[in-house]
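The values are calculated or read from the model by the stated rules, or taken from the named source; none is laboratory data. What you are looking at is a predicted structure, and each value in this text was computed from that prediction instead of being measured. Cβ atoms come from the backbone with ideal geometry, glycine included; neighbour counts cover every protein chain shown. Heads up: the accessible areas ignore ligands, DNA and RNA and are worked out on the full protein's heavy atoms, side chains in. Shrake-Rupley method; radii C 1.70, N 1.55, O 1.52, S 1.80 Å.
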Amino acid sequence: MAKKQETESLMDIFKTFRQDKDNLDTATLVNVLEESFRSVIAKIFGSDENYDVIVNPDKGDLEIRRNREVVPDGEVTDTNTQVALSEAQKVDDSYEVGEEFTDQVDFSKFGRRAILTLRQTLAAKILELQKDSLYAKYIDRVGQLVSAEVYQIWKKEILLVDDENNDLLLPKQEQIPTDFYRKGETVRAVVERVENQNNNPKIILSRTSPTFLQRLFELEVPEINDGLITIKRIARIPGERAKIAVESYDDRIDPVGACVGVKGSRIHGIVRELRNENIDVINFTNNTQLFIQRALSPAQVSSIRLNEEEKRADVYLRPEEVSLAIGKGGLNIKLASMLTGYTIDVYRELQGTNPEEEDIMLDEFRDEIDDWIIDAFQDMGIETAKAALNAPRDMIIEKTDLEEETVDEVLNILRREFEEE
């Protein structure tokens with residue numbers, strides 16, 4: 001009776017795994033159970049070749065059949081692979097020497113150690129399958145939007161669970177700086193990557209990825225989801241500001257208007273999801289100068305000088321437009337550079353004066369200004385005195401990484417030169 005209960009408990013284990021892990025199909029689980037039994041049998045007898053393991057998942061039971069060769073009485077050398085003729089004929093008197101004799105084996109008679117080994121083997125194989133299934137599921141979902149529930153909050157990351165109780169991780173660096181969650185809340189993010197070290201898959205989510213912003217637009221703007229509007233480029237500083245360039249191949253559709261929605265109805269939901277991150281939507285164009293001009297919006301650009309080889313753009317604006325082009329904390333010009341792929345430098349436009357006339361090369365000032373300082377100016381594309389004087393002071397400090405006092409001293413030297421003239 002005890003042995004029968006042991007066998008039944010093994011089937012209970014199988015049923016429990018099947019109920020809890022619906023993402024593993026029945027055929028796979030049956031195969032795992034067969035392999036687990038065979039593995040234990042092979043450990044006991046050295047081979048499982050003469051055994052048949054038959055699992056019936058519908059009934060929740062199994063059979064183990066052992067196939068042995070009938071040999072003459074007194075010539076049995078291995079009871080696992082051979083059976084005496086007289087013993088076989090007790091079951092059926094038609095058996096003859098050399099025939100195959102099949103009988104059913106009660107696995108529990110192999111002892112408690114065998115049953116314990118089976119439990120461990122089955123659990124290990126199920127766990128391995130779960131990991132393989134999890135990896136296969138999410139490796140195909142990289143870049144897709146997912147929703148998951150906050151399960152545990154740690155200092156460096158948040159543990160979330162999906163609708164199948166799979167663990168997902170949202171690292172601190174992949175969170176919007178102003179994100180704040182409580183246990184049980186639902187979080188939306190994109191699958192950033194799937195790591196699989198030592199067959200231990202880790203699903204990493206992101207809310208700072210430009211792809212996250214793209215998926216939100218696809219969700220909120222039907223024309224994007226339908227392919228009528230295309231998102232061409234995205235530049236984003238998470239939690240602060242983003243720029244997105246869109247294009248429509250149908251002249252009847254205004255891509256910017258469609259993305260923003262009536263009175264901002266479509267974009268407001270995205271802004272809320274991104275913790276009030278400001279979003280500029282602009283029309284994409286292959287005309288580089290026009291694209292840079294649009295990217296620097298809301299500033300009004302007067303003229304642009306391009307260096308295609310170095311991917312640099314010198315942008316000239318009226319003095320009152322310079323601060324708009326740079327933006328608070330330099331965000332606008334940074335995003336414009338990210339969006340267009342060009343290093344953008346802005347300069348004040350001199351009213352009634354050609355910037356190329358009556359100018360002096362910075363190299364002429366090497367007797368007054370240290371070489372390494374002039375080199376720093378030249379590295380950011382400033383070659384002349386007027387270019388330096390027309391460039392915003394804050395931009396020079398940021399891009400040259402010079403001290404404020406050093407930059408002010410250089411600008412004063414250059415300014416005095418023109419005042420003397």
Quickly run through the stretch 258-278 and pick out the residues that are part of a helix (DSSP H, G or I) and either of a type outside the set (A, V, I, L, M, F, W, C) or within 23 Å of the chain's Cα centre (by Cα) (or both). 263, 264, 265, 266, 268, 269, 270, 271, 272, 273
Scanning the stretch 357-376 for residues that are within 21 Å of residue 403 (Cβ to Cβ) and in a helix (DSSP H, G or I) gives 362, 365, 371, 372, 373, 374, 375, 376
Matching residues in the stretch 72-101 (under 24 Å from residue 53 (Cα atoms), more than 60 Å from the chain's Cα centre (by Cα) and touching a residue at least 24 places away in the same chain (Cβ under 8 Å)) number 3
Going by what's in this entry, would residue 263 be described as within 13 Å of residue 241 (Cα to Cα), open to solvent by 30 Å² or more (accessible area, probe 1.4 Å) and among the basic types (Lys, Arg)? no
Please enumerate the residues belonging to the stretch 273-287 that are open to solvent by 60 Å² or more (accessible area, probe 1.4 Å) and closer than 17 Å to residue 218 by Cβ. none
Going through 159, 134 one at a time, which residue ends up being at pLDDT below 95, in contact with a strand residue (DSSP E or B) (Cβ under 6 Å, 6 or more places away or on another chain) and among the hydrophobic types (A, V, I, L, M, F, W, C)? 134
Here are the criteria: (1) acidic (Asp, Glu); (2) in contact (Cβ under 8 Å) with a residue 40 or more places away in the chain; (3) farther than 20 Å from residue 238 by Cβ. Tell me which single one residue 309 does not satisfy. (2)
Matching residues, the stretch 102-131, being open to solvent by less than 70 Å² (accessible area, probe 1.4 Å) and under 39 Å from the mean Cα position of the chain (by Cα): 117, 118, 121, 122, 123, 124, 125, 126, 129, 130, 131
Pairs, first closer than 20 Å to residue 256 by Cα in the stretch 234-245, second among the aromatic types (Phe, Trp, Tyr) and open to solvent by 20 Å² or more (accessible area, probe 1.4 Å), C-beta under 7 Å, six or more apart: 245/284
Just checking, does the stretch 57-72 include any residue being in contact with an Asp or Glu (Cβ under 7 Å, 6 or more places away or on another chain), β-branched (Val, Ile, Thr), open to solvent by less than 30 Å² (accessible area, probe 1.4 Å) and farther than 22 Å from residue 87 by Cα? no
The stretch 329-356 - residue that is in a helix (DSSP H, G or I) and on the phi > 0 side of the Ramachandran plot and, of those, modelled with the lowest pLDDT: 329
Matching residues in the stretch 69-116 (of a type in the set (Lys, Arg) and over 23 Å from residue 47 (Cα atoms)) number 1
Please go through the stretch 165-199 and give me each residue that is open to solvent by 90 Å² or more (accessible area, probe 1.4 Å) and either touching a Pro at 6+ places or on another chain (Cβ under 7 Å) or not hydrophobic (A, V, I, L, M, F, W, C) (or both), ordered by number. 165, 172, 173, 177, 182, 183, 186, 197, 198
Qualifying residue in the stretch 141-148 (condition: open to solvent by less than 80 Å² (accessible area, probe 1.4 Å), closer than 21 Å to residue 52 by Cα and part of a loop (DSSP other than H, G, I, E, B)): no
Residue 211 versus (1) closer than 20 Å to residue 331 by Cα; (2) among the hydroxyl-bearing types (Ser, Thr, Tyr); (3) exposed (fewer than 15 other Cβ atoms within 10 Å of the Cβ): which is the lone unmet condition? (3)
Which residue pairs have Cβ atoms closer than 7 Å, lie 6 or more positions apart in sequence or on different chains, and pair a first residue in the stretch 163-184 that is outside any loop (DSSP other than H, G, I, E, B) with a second residue that is of a type in the set (Gly, Ala, Ser)? 168/148; 170/189; 174/206
